[in-house]
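Everything on this sheet refers to the single structure shown next.
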């Protein structure tokens, strides 16, 4: 075994670049779980149901499970690599050390855009929720949702600005409530407690696979939404007390929680709502769990799921601001972006400039684009990031075999998870192509242009050797 | 390898870099939207005149749910009958695959060149 032990607690420090003020190490495994699940759980409250629209209820269930396999591979791979990379930026920092600067720059942008778009989608949903509550409580006329969208983003950015411990403790509480709300709805509508209202057989009759098997493939596009963002746990690497233990534990516990929540959500909603209504997240069911509660006839369930939806959107937006700002901050600190963004607040010890800068970006998308487009933009960025991960773990194992760096977690069956992940990513690219091919090409065109901009212009401002901040031995083959 | 000393970047140049990134980002989402090429719109291939739950293909349980949600056959018509069109051309599919492969080839190739510089400077030749 090598003498290099990145998992050592004595190596926990401030900024890896020798900065005098670093991010604060105050988080434990529960906060990591809350960060991961908090970002994602909103995917059960809204957005996943577009998968029903793409292929029908059964297609959405198949997509749910295959996307679950995809994300289990993501969680396993991420847990191994990140247990050795105790630095903000998550996959960005991994790419910087394992593949190279341009890949890292791209991965950093994937993270920022995936999370900022998800934050925008959350704010749109929160605005819609206020609209529905106003209608239900007798408000006459249309309620302008925009002030609520702005308020949500501004409030959560302020919370993030003030400190990470309060931010993620807030997430822990509201995420737990949102998860319990799904369990209560399941118990109440399935007949376990009281009279059940589910009728899967009758609701599916004649509409089992309305598009045939190509609909199942198409459903994979929005199947990702059940879990998108769980990889964000790695962004907390520089702020957890024990990265080698807390990150794998929090991430793997998170994906298990989400597999349960996603399957329960599909079961509840598809057994109560007709598939055409459920599958249309713009003109039909924007918030399916909430709509299911409305059909239950129970006022208590309506309020519980109303708060559950609101809490899930707030927790997700909160985690997204946290993660996007860490990735932006890390790129600024390395001069991949203007170094001004690499500052840490002297009192709150948060990446405050990155947090503030991303607020108007989120607002532009939340106020200016429809929900499905924003979700697709987020999914595409996430998908590009997942495609990077198999390459990342294969090169990691090749450059630093197991005996050269001690891992806090070693994922089993390598390279099967990497190959599985790459295959499922290819399937999902095809699914996106079926409906949103133009956006896919536009987005990759964007990444090609910014890659050329980075390689031929921006990279001149970057210190070469200083980017490599981990105390690892020289990679094999170099 | 000689130690590379990056040039200092002025404030105006930093600001310009940020503006370029923001414009490209906003453009990537909004240009397809403005050109009307973003996303898959559903359409009703065969509208039904004077729709009933039966002619919309809904059984008793399904129509009861729609009624509970506040729909009538008329208001649910488009919601129920609208479908995506999944037809595509092989040429478009091959073009998309080529764009994705080109993208990954480009970043992996340039990354490798940059990475060798990093390792060389960090660990010495």
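Helix-only estimate, please: 222 nm mean residue ellipticity of chain B, summing -39500 (n - 2.57) across DSSP H runs of length 4 or more and dividing by its residues, to the nearest 500. Intermediate results must be reported in sequence, preceding the final value.
Details: 4 runs with 76 residues, N = 125.
That calculation yields -21000 deg cm²/dmol at 222 nm.
Per residue of A:442-449, count partner chain C-beta atoms within 10 Å of its C-beta, then hand back the mean as an integer. Mind dumping the intermediate values first?
On the way: counts 10, 4, 7, 6, 6, 5, 5, 4.
Per-residue shielding by partner chains comes out at 6.
Compute the orientation-averaged projected area for region A:329-445 from the convex hull of its Cα atoms and round it to one decimal in nm². Don't skip to the answer; put the middle values down first.
Numbers: hull surface 42.9 nm².
The Cα convex hull of region A:329-445, projected and averaged over all directions, gives 10.7 nm².
Restricting to Cα pairs below 8 Å that are 6+ residues apart, what does the relative contact order work out to for chain A? Please round to a whole percent. Walk me through the numbers before you get to the answer.
Details: 873 pairs, mean separation 165.0, N = 478.
Taking the mean separation of contacting Cα pairs over the length of chain A, I get 35 percent.
Which shape class, rounded, prolate or oblate, goes with region B:47-125 when its Cα gyration tensor gives a ≥ b ≥ c as root eigenvalues, a/c under 1.5 marks rounded, and past that a/b bigger than b/c marks prolate?
prolate
Does region A:399-478 classify as rounded, prolate or oblate by the C-alpha gyration tensor (a ≥ b ≥ c root eigenvalues; a/c under 1.5 gives rounded; else a/b over b/c gives prolate, otherwise oblate)? Walk me through the numbers before you get to the answer.
On the way: a/c = 3.74, a/b = 1.21, b/c = 3.09.
Judged from the Cα gyration tensor, region A:399-478 comes out oblate (a/c at least 1.5, b/c at or above a/b).
In deg cm²/dmol, rounded to 500, what helix-only [θ] at 222 nm does chain A give when every DSSP H run of at least 4 residues adds -39500 (n - 2.57) and the total is split over its residues?
Details: 17 runs with 315 residues, N = 478.
The per-residue figure over chain A is -22500 deg cm²/dmol.
Rounded to the nearest 0.05, what FRET efficiency is calculated for residue A:26 and residue A:295 with R0 set to 45 Å and r the Cβ-Cβ distance?
Working: r = 43 Å, r/R0 = 0.96.
So the FRET efficiency works out to roughly 0.55.
Roughly how many Å is it from the Cα centre of region A:150-164 to that of region B:1-75, as a whole number?
26
May I have the convex hull volume per residue, in Å³, for the Cα set of region A:124-225? Present the calculation step by step, with values, prior to reporting the outcome.
Details: hull volume 20.6 nm³, N = 102.
Residue-normalised Cα hull volume stands at 202 Å³.
Based on the mean of other Cβ atoms within 10 Å per residue, sort peptides A:273-280, B:77-84 so the most packed one is first. Show your work: numbers first, answer last.
On the way: A:273-280: 25.9, B:77-84: 18.5.
Packing order, densest peptide first, comes out as A:273-280, B:77-84.
From largest to smallest, what semi-axes in whole angstrom does region A:195-334 give when each is the square root of 5 times an eigenvalue of its alpha carbon gyration tensor?
Working: eigenvalues 235, 70, 43 Å².
Semi-axes, largest first: 34, 19, 15 Å.
Please give, to one decimal in nm, the separation of the simple spin-label points placed at residue B:113 and residue A:144, each 7 Å out from Cα toward the Cβ.
5.2
Find the relative contact order for chain B and round it to a whole percent, using C-alpha pairs within less than 8 Å whose residues are 6+ positions apart.
33
If R0 is 60 Å, what FRET efficiency do you get for residue A:478 and residue A:202 from their C-beta distance, rounded to 0.05? List each step's numbers first, then the result.
Working: r = 63 Å, r/R0 = 1.05.
Efficiency, from the Cβ-Cβ distance: 0.40.
Based on the alpha carbon coordinates of region B:42-84, what radius of gyration and maximum Cα-Cα distance (Dmax) apply, in Å?
Rg, Dmax (Cα atoms, Å): 9.9, 27.
Computed FRET efficiency, Cβ-Cβ of residue A:282 and residue A:452, R0 25 Å: what is it to the nearest 0.05? Walk me through the numbers on the way to the answer.
On the way: r = 36 Å, r/R0 = 1.42.
Efficiency for this residue pair is about 0.10.
Taking the Cα-to-Cβ direction at residue A:177 and at residue B:101 and moving 7 Å from each Cα, how far apart do the two end points lie in nm?
Calculated label separation equals 5.2 nm.
Helix B:11-34 sits at what angle to the longest principal axis of chain B, using alpha carbons and giving 0 to 90 degrees rounded to 10?
For B:11-34 against chain B, the angle is about 30 degrees.
Please give the average number of partner chain Cβ atoms lying within 10 Å of the Cβ of each residue in B:85-97, rounded to a whole number. Could the numbers behind the result be given before it?
On the way: counts 2, 10, 2, 6, 0, 0, 0, 4, 4, 0, 3, 9, 4.
If you average over the peptide's residues, the count of other-chain Cβ atoms is 3.
When Cβ neighbours within 10 Å are restricted to other protein chains, what is their mean count per residue of peptide A:50-57? Provide the component values of the computation, followed by the final result.
Numbers: counts 0, 0, 0, 5, 3, 2, 0, 0.
Partner-chain Cβ atoms within 10 Å, mean over residues of A:50-57: 1.
For chain A, what mean projected area does the convex hull of the alpha carbons give, in nm²?
Values: hull surface 87.2 nm².
Mean shadow area of the hull around the Cα atoms is 21.8 nm².
Between residue A:136 and residue B:23, how many nm apart are label points set 7 Å from Cα along the C-beta direction?
So the two model labels end up 4.6 nm from each other.
Listed highest first by mean packing, meaning other Cβ atoms within 10 Å per residue, what order do B:21-31, A:194-204 come in? Display every interim value, and only then the final one.
Details: B:21-31: 17.0, A:194-204: 15.0.
The packing order, highest mean first, is B:21-31, A:194-204.
Taking only Cα atoms of region A:169-265, what ratio of Rg to Rh do you get with Rh as the Kirkwood inverse-distance radius? List each step's numbers first, then the result.
Numbers: Rg = 18.0 Å, Rh = 16.6 Å.
Ratio of gyration radius to Kirkwood radius for region A:169-265: 1.09.
In what sequence do A:154, A:117, A:470 fall when counting other Cβ within 10 Å, fewest first?
Working: A:154 14, A:117 29, A:470 20.
Least to most surrounded, the residues fall as A:154, A:470, A:117.
We did not get these values from a lab; they are worked out from the coordinates using the rules stated. Everything numeric here is computed off the predicted structure, so don't read it as measured data. All Cβ positions, glycine included, derive from the backbone under ideal geometry; neighbour counts span all protein chains shown.
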